[in-house]
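The values are calculated or read from the model by the stated rules, or taken from the named source; none is laboratory data. Predicted model, so just to flag it, every value in this text is computed and none were measured. Reconstructed Cβ throughout: ideal geometry from the backbone, glycine too, with neighbour counts over all protein chains shown. Just so you know, the surface numbers come from the protein's heavy atoms only, side chains and all, with ligands and any DNA or RNA stripped out. Shrake-Rupley method; radii C 1.70, N 1.55, O 1.52, S 1.80 Å.
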Protein chains: 2
Amino acid sequence: MARVVVEVMPKAEILDPQGQAIAGALPRLGFAGISDVRQGKRFELEVDGSVDDSQLEKIAEALLANTVIEDWTVRRVEA
Amino acid sequence: MARVVVEVMPKAEILDPQGQAIAGALPRLGFAGISDVRQGKRFELEVDGSVDDSQLEKIAEALLANTVIEDWTVRRVEA
């Protein structure tokens, strides 16, 4: 068993209204000095030894990310 | 300017229906060998030098995570 982390973030050129809402709320709540916030997703997968990197990339690209508007990364981490 | 990453994941003892839905869909879509999926959130913040670690922890704990059901981590990364 290995743990795989897939991170999915909105592309730089895509508006991110959730992140903008957080960035707008921070000064009202007393937190200054934060100029930008972007919100994405993080997945943790438990995979067995039969799953290779190309399968993980297919899963990230086809299922976990919308590649029109999102970038993704896959990495294996210590379990 | 520095970049800060806040990761928010459902606590281990909390059911994660989004992750379970993904884990259930994978075999139907032809991907075997993935035993568990958990879905969380990932935030990227651009912060200036005036923001210290205790402020970042307050932001993560009070605003970005629901600490009843979620764990969070904060780390500074290379810009």
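Of note:
- Summed over segment B:54-76, the residues that are at pLDDT below 95 and either farther than 20 Å from A:Lys41 by Cβ or not in a helix (DSSP H, G or I) (or both) give a count of 1.
- Qualifying position, being open to solvent by 20 Å² or more (accessible area, probe 1.4 Å), modelled with pLDDT of 95 or more and more than 7 Å from every other protein chain (Cβ to nearest Cβ), among B:Lys11, B:Lys41: B:Lys11
- When B:Asp16 is tested against (1) closer than 19 Å to A:Gln18 by Cα; (2) crowded, with 19+ Cβ neighbours inside 10 Å, just one condition goes unmet, and that condition is (1).
- Given (1) closer than 16 Å to A:Glu44 by Cα; (2) within 8 Å of chain A (Cβ to nearest Cβ), index of the condition B:Asp48 fails: (1)
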